[in-house]
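Inspection log for the structure reproduced underneath, given as C-alpha cells.
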Number of protein chains: 2
Amino acid sequence: MNNFEQYTPTKVIFGKGSEEKAGEAVKNAGGSKVLLVYGGGSAVKSGLIERVEKSLTEAGVGYIEFGGAKPNPTLAHAEDGVVIAKTENIDFILAVGGGSAIDTAKAIAHGTANPDKALWDLWTKKVPLTKSLPVGAILTIAAAGSEMSDSAVLTNEETGAKGGINTEFNRCRFAIMNPELTFTLPLYQQAAGITDIMMHTMERYFIPKIKCDLTDEIAEGLLRTVIKNGKIVMKDQNNYDAQAEIMWCSSISHNNLTECGRGKDFSVHKFGHALSAVFDYTHGASLAAVWGAWAEYLYKDAPDRFAKFARKVWNIDDPDDLSSAKKGIDATVAYFKSIGMPVSLKEIGPDVEWTDEIIELLAMKATMQDTVKLSRIRPIGAKEAAEIYKLALR
Amino acid sequence: MNNFEQYTPTKVIFGKGSEEKAGEAVKNAGGSKVLLVYGGGSAVKSGLIERVEKSLTEAGVGYIEFGGAKPNPTLAHAEDGVVIAKTENIDFILAVGGGSAIDTAKAIAHGTANPDKALWDLWTKKVPLTKSLPVGAILTIAAAGSEMSDSAVLTNEETGAKGGINTEFNRCRFAIMNPELTFTLPLYQQAAGITDIMMHTMERYFIPKIKCDLTDEIAEGLLRTVIKNGKIVMKDQNNYDAQAEIMWCSSISHNNLTECGRGKDFSVHKFGHALSAVFDYTHGASLAAVWGAWAEYLYKDAPDRFAKFARKVWNIDDPDDLSSAKKGIDATVAYFKSIGMPVSLKEIGPDVEWTDEIIELLAMKATMQDTVKLSRIRPIGAKEAAEIYKLALR
C-alpha cells in the first residue's frame, strides 16, 4: 500500500426532502448572499429552484439567480458569473444541477475570490490558487461526482482546450442529495451518468502492482452496486432505492475513497475529454465510446488486474487470467451497450468521417500535444493514443 | 434507504513516516501550543514522542506533555488534563496512542473550551456542548476508530458509569496513521483491536428491513479485509501491508461510512461497556466475550440479515437462511477464538464467580437501569440482557 492523504470535508445531506435544508446549510457554512448557479429550465420548471429559494429566504439568506450552465461548461460562462458575483457582493456559490452546474460554481468561486487574476490562469495553475469562496451543491444528476470531489472541468472555447483542476478549494461545503430529483432525467443522461460513475472507480482500479485489499473491496462493491441498480433505473426511473444507490455511488466513486493507497490514472478521461472538446459529446458517452478499445489495447500488460476485475465485478469463473480479462472487458462493453451508450467512435459519431487527421488531432489533444504520457499500465503517448482511437473505430 | 447525513472532515495522513508531518498538520489547523496526550511509556521508549516533539518544534509549535492515559480512560484523568491545558494556554490537543489517548484528548478539549462547566455534565449532555478545542491524533493502535469518529468514551470512576458522547466536536482535525507504529503491539491488544474494528461495522450491519446495497458492500468488504489481514498480523506483526489494511479498516469502520442509509445499533458495545466498567476488561475482549450469545439470542428474529452476513463475509454456501445464519455466527466466534479472544464470560473472567447478582448488575448497567431498550432487531431490556449474559456464560 502506498502512502496517501484522504480529505473529504463535504457534509452530505442525503434523502427525501433534503433540498429544504439548503438555507440552513448555507447559513451554517457562513453564507449570507448566494449566487444560485443552475443549468437549463428543468430545475425551474420542476419547481426545484423555487423550493430552494424559499429555503434560503426562510434562513435569512439572500440570493441572485445565474442560470444557463451548459454540459461541458465553458470558461466564458463562468467568467460572466464572476462579474455578477463581484457586483452583487456574493459570499457563497450554490449549484443546483449536476457536474456542469457544480463545476461552473467552483470556477465562479475561484474567480470571484481572486478578482485581480485571470480565471483561466488560475485554472491552468499558471497562477497559484490560494483562496476561493465556499461552494455548496444540490445534486440533480448522479454522474460527475463533483459534489464531493476536489476536481472540476471547464472548456476554453477560444482555444478548444478542455481541462480540469484538482484542488482542495474544489471541495463543496455541503452536498444535498435527494434521489427523487433524478427521476425525470432523460434516459440518455441517466445512462451517461451510470457510465461516468463506473469510470471514476475504474480509472483508479486499473493500476497494477500495488496491494490494497480494502480499497479494492470498496471499488468492486461499488461497481457491482452501480451495475445492478443501473439496470433497474434504466427500466424504472422512479425506483427510489435504486436511484439512491446510484446517487450515493456517484459521490463515493469520485471522493478519492476508491484510490486510497493506490492512486489514480484517469487516462480514459483524457481520451473522452478530447472527444467532447472537439464534438461536444456527452461526457459519459465519450468514455463508453473509447473504454473498450483502451482496455483491449492494455490488458495484456496487466492481465492479473483485469482478471481480478472480471472475477470480482462480473463474476467470471475462469482460472486463466488472460481469458478472464478479455471476458471482463467484453462484459463491460456489453453493459454499456445495454444501457444505450455508444461503444465505438462510429456509434458516438455516426455522421463523422473519422479520418486519420481527426484521429491525430484527438490523440494530440488527449496527450496535450504529446507532452504527457497517459495510463499507469504503460506509457501512452500521442502515437499509442492514435492507435487506441483507431481501435475504437470498430 | 433511509435519509442520512455523513460528515467526515478529518484529514487522513497515512503511511510510513507520516508522524513527521505532525508539526505541519497542527500548524495548518491553527494550533500554536499543544497538549501532547499519550498513555504509558511505550510511546516514549520507542522514540515516537521525541520524533513528534521534534516535528512540532520544527514547525514552531510549542507543547506540554501529558502522559498517563489509561485503557478505559477516566474522567478524573481528563479533568487533570483540563487543569494543565487551561494553565498553559493550550490551543490544540494532540493525542498519540489509541482510543484511550484520543478519547482523553477529546474530553480535555471539551473541558478546556468550557472552563465554567463540569466536564461530566457536558459528557452526559446535561449541559449542551457548543464549542471545543481542535484535536489531532497520531494513531499507534488500530482499534477504536476514534481517530475519525464522532464518538468518545470515558469512565466516571466515582459512579462506575462508562459512557460515550457522539458530537461533531469529537471529529479530529487530522489523523496521522503510520502502520509501522503498530508492529510492537502486545498480541492480545492486536487481537482486541481486530475484534473492535469488526464490531464497529457489525454493530451497523445487524439492522433488518432496510435495503442498502453500497453500504452493505462496503461493510462486507471491510469485514473480509479485517478477517484476512487479522490472521496475517497475528502471525507476523511486521507485515506492513497487512497492518496497513487493519489500520485503514479501523478508521473506515467507525467514521459512519458503514451506516449510511441504515443507521447503527451498538447494543453489543453496551454489553461490553458494562463488563469493562465493572471488571476493567480490555474493550475488544469484552465484545468478543458476549457477541456470540447476543447473536444466538437474536438471529431467529432476523434470519435473512444473519444469513447474508454468513454468505458474504464467511462464504457460507447453504440455501437455508436459518442454518446459514447459525454457521455464520459459529464462524465468527471461532475466528475470535483463533486470534486469542475470550468468547464467553467464563473465558474473559475465569476467576469471577458469575452469580445471578453480578449478571443482574451487568444487565442493569447495560440498559441504564432498564431505562433504554437495546438492539434494533427486537427490544432488549434488563430482563433480556440478563438472559444474554447468562447465555454468554457457556
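Go through region B:348-386 and report how many residues are outside any loop (DSSP other than H, G, I, E, B), under 24 Å from B:R204 (Cα atoms) and in contact with a helix residue (DSSP H, G or I) (Cβ under 7 Å, 6 or more places away or on another chain). Give the steps one after another, and end with the answer.
Looking only at region B:348-386, we keep the residues that are outside any loop (DSSP other than H, G, I, E, B), and these are B:348, B:356-366, B:374, B:380, B:382-386.
Subsequent filtering for residues that are under 24 Å from B:R204 (Cα atoms) retains B:362-366, B:374, B:380, B:382-386.
Imposing the further condition that a residue be in contact with a helix residue (DSSP H, G or I) (Cβ under 7 Å, 6 or more places away or on another chain) reduces the set to B:362-366, B:374, B:380, B:382, B:385-386.
Result for region B:348-386: 10.
Taking B:G40 and the conditions (1) within 23 Å of the chain's Cα centre (by Cα); (2) crowded, with 24+ Cβ neighbours inside 10 Å; (3) not charged (D, E, K, R), which numbered condition does it fall short on, given that it satisfies the others?
Tallying (1) within 23 Å of the chain's Cα centre (by Cα); (2) crowded, with 24+ Cβ neighbours inside 10 Å; (3) not charged (D, E, K, R), B:G40 fails exactly one: (2).
Within the group B:A143, B:A137, which residue is aliphatic (A, V, I, L, M), more than 24 Å from B:I348 (Cβ to Cβ) and surrounded by 24 or more Cβ atoms within 10 Å (Cβ to Cβ)?
Numbers: B:A143 fails: more than 24 Å from B:I348 (Cβ to Cβ).
Result of the check over B:A143, B:A137: B:A137.
If we keep just the residues of region A:316-338 that are more than 30 Å from the chain's Cα centre (by Cα) and surrounded by 15 or more Cβ atoms within 10 Å (Cβ to Cβ), which is nearest to A:R305 (Cα to Cα)?
Of everything passing the filter in region A:316-338, A:D321 is nearest to A:R305 (Cα to Cα).
Quick one: in region B:243-290, which of the residues that are β-branched (V, I, T) and in a helix (DSSP H, G or I) is farthest from B:M1 (Cα to Cα)? Show your work before the answer.
Start the filter on region B:243-290 by keeping residues that are β-branched (V, I, T), which leaves B:246, B:252, B:258, B:268, B:278, B:282, B:290.
Next, only the ones that are in a helix (DSSP H, G or I) stay: B:246, B:252, B:258, B:268, B:278, B:290.
Details: B:I246: 28, B:I252: 20, B:T258: 13, B:V268: 24, B:V278: 38, B:V290: 30 Å.
Looking at the filtered set, the residue picked out is B:V278.
Among the residues that make up region A:202-224, is at least one of them assigned by TED's automatic domain parsing to the domain that holds A:V333, touching a helix residue (DSSP H, G or I) at 6+ places or on another chain (Cβ under 7 Å), among the β-branched types (V, I, T) and surrounded by 17 or more Cβ atoms within 10 Å (Cβ to Cβ)?
Going residue by residue through region A:202-224, those that are assigned by TED's automatic domain parsing to the domain that holds A:V333 are A:202-224.
Next, only the ones that are touching a helix residue (DSSP H, G or I) at 6+ places or on another chain (Cβ under 7 Å) stay: A:203-206, A:208, A:211, A:213-215, A:217-224.
Narrowing the set further to residues that are among the β-branched types (V, I, T) leaves A:215, A:218.
Narrowing the set further to residues that are surrounded by 17 or more Cβ atoms within 10 Å (Cβ to Cβ) leaves A:215, A:218.
Yes - at least one qualifying residue is present in region A:202-224.
Just for region B:5-25: of the residues that are part of a strand (DSSP E or B) and not aliphatic (A, V, I, L, M), which one is surrounded by the fewest Cβ atoms within 10 Å (Cβ to Cβ)? Walk me through it before giving the result.
Of all residues in region B:5-25, those part of a strand (DSSP E or B) come to B:5-14.
With not aliphatic (A, V, I, L, M) added as a condition, the list becomes B:5-11, B:14.
On the way: B:E5: 14, B:Q6: 21, B:Y7: 17, B:T8: 24, B:P9: 16, B:T10: 24, B:K11: 21, B:F14: 23.
The extreme case among them is B:E5.
Name the residue, out of A:A385, A:A310, A:A295, that is of a type outside the set (S, T, N, Q) and touching a strand residue (DSSP E or B) at 6+ places or on another chain (Cβ under 7 Å).
On the way: A:A310 fails: touching a strand residue (DSSP E or B) at 6+ places or on another chain (Cβ under 7 Å); A:A295 fails: touching a strand residue (DSSP E or B) at 6+ places or on another chain (Cβ under 7 Å).
Exactly one of A:A385, A:A310, A:A295 is of a type outside the set (S, T, N, Q) and touching a strand residue (DSSP E or B) at 6+ places or on another chain (Cβ under 7 Å), namely A:A385.
Only one of these conditions is not met by B:W294: (1) aromatic (F, W, Y); (2) within 22 Å of B:F279 (Cα to Cα); (3) surrounded by fewer than 22 Cβ atoms within 10 Å (Cβ to Cβ); (4) under 20 Å from the mean Cα position of the chain (by Cα). Which number is it?
Condition (3) is where B:W294 drops out.
Any residue in region A:142-160 that's at positive phi: show its pairings with residues that are of a type in the set (V, I, T) and surrounded by fewer than 21 Cβ atoms within 10 Å (Cβ to Cβ) at Cβ separation under 9 Å, as long as the two are six or more apart or on different chains.
These pairs meet every condition: A:G160/A:V278.
Return a yes/no flag: does region A:204-224 have any residue that is in contact (Cβ under 8 Å) with a residue 60 or more places away in the chain, closer than 23 Å to A:V153 by Cα and either polar (S, T, N, Q) or within 14 Å of chain B (Cβ to nearest Cβ) (or both).
yes
Would you mind finding the one in B:A118, B:A95 that is small (G, A, S) and surrounded by fewer than 18 Cβ atoms within 10 Å (Cβ to Cβ)? Even if it seems obvious, please write down each step before you answer.
Numbers: B:A95 fails: surrounded by fewer than 18 Cβ atoms within 10 Å (Cβ to Cβ).
Going through B:A118, B:A95 in turn, just one is small (G, A, S) and surrounded by fewer than 18 Cβ atoms within 10 Å (Cβ to Cβ): B:A118.
Please go through region B:339-385 and give me each residue that is under 21 Å from the mean Cα position of the chain (by Cα), surrounded by fewer than 22 Cβ atoms within 10 Å (Cβ to Cβ) and among the small types (G, A, S), ordered by number.
Correct list: B:G340, B:S344.
Conditions: (1) surrounded by 15 or more Cβ atoms within 10 Å (Cβ to Cβ); (2) on the phi > 0 side of the Ramachandran plot; (3) at pLDDT 95 or above. B:A109 meets all but one. Number of the miss?
With (1) surrounded by 15 or more Cβ atoms within 10 Å (Cβ to Cβ); (2) on the phi > 0 side of the Ramachandran plot; (3) at pLDDT 95 or above applied to B:A109, the lone miss is (2).
For region B:233-260, which residues satisfy the criterion of being more than 10 Å from chain A (Cβ to nearest Cβ) and either more than 28 Å from B:N170 (Cα to Cα) or more than 19 Å from the chain's Cα centre (by Cα) (or both)?
Matches in region B:233-260: B:V233, B:M234, B:K235, B:D236, B:Q237, B:N238, B:N239.
Given the criteria under 30 Å from B:S146 (Cβ atoms) and in contact with an Asp or Glu (Cβ under 7 Å, 6 or more places away or on another chain), does B:M341 qualify?
Numbers: under 30 Å from B:S146 (Cβ atoms): yes; in contact with an Asp or Glu (Cβ under 7 Å, 6 or more places away or on another chain): no.
Judged against the criteria, B:M341 is not a match.
With region B:49-135 as the region, which helices (runs of 4 or more DSSP H) entirely inside it contain at least 3 residues that are closer than 25 Å to A:N28 by Cα and assigned by TED's automatic domain parsing to the domain that holds B:L36? Steps first, please.
Values: elements: B:75-87, B:99-113, B:119-123.
Result: B:99-113.
Would you say B:T8 is among the β-branched types (V, I, T), touching a strand residue (DSSP E or B) at 6+ places or on another chain (Cβ under 7 Å) and more than 14 Å from chain A (Cβ to nearest Cβ)?
Working: among the β-branched types (V, I, T): yes; touching a strand residue (DSSP E or B) at 6+ places or on another chain (Cβ under 7 Å): yes; more than 14 Å from chain A (Cβ to nearest Cβ): no.
No; evaluated as a whole, the condition is false for this residue.
For region B:26-37, how many residues meet the condition of being surrounded by fewer than 24 Cβ atoms within 10 Å (Cβ to Cβ) and under 25 Å from the mean Cα position of the chain (by Cα)?
First pass over region B:26-37, keeping only residues surrounded by fewer than 24 Cβ atoms within 10 Å (Cβ to Cβ): B:27-30, B:32-33.
Those left that are additionally under 25 Å from the mean Cα position of the chain (by Cα): B:29.
So the count comes out to 1.
Return a yes/no flag: does region A:365-377 have any residue that is of a type outside the set (D, E) and over 27 Å from A:E259 (Cα atoms).
As a first pass, look at region A:365-377 and keep what is of a type outside the set (D, E): A:365-369, A:371-377.
If we keep only those that are over 27 Å from A:E259 (Cα atoms) too, we end up with A:369.
Looking for residues that are of a type outside the set (D, E) and over 27 Å from A:E259 (Cα atoms), one finds at least one in region A:365-377, hence yes.
The values are calculated or read from the model by the stated rules, or taken from the named source; none is laboratory data. Note that the structure is a prediction, hence the values are computed from the model and not measured. Positions of Cβ are generated from backbone atoms using ideal geometry, with glycine treated the same way; all protein chains shown enter the neighbour counts.
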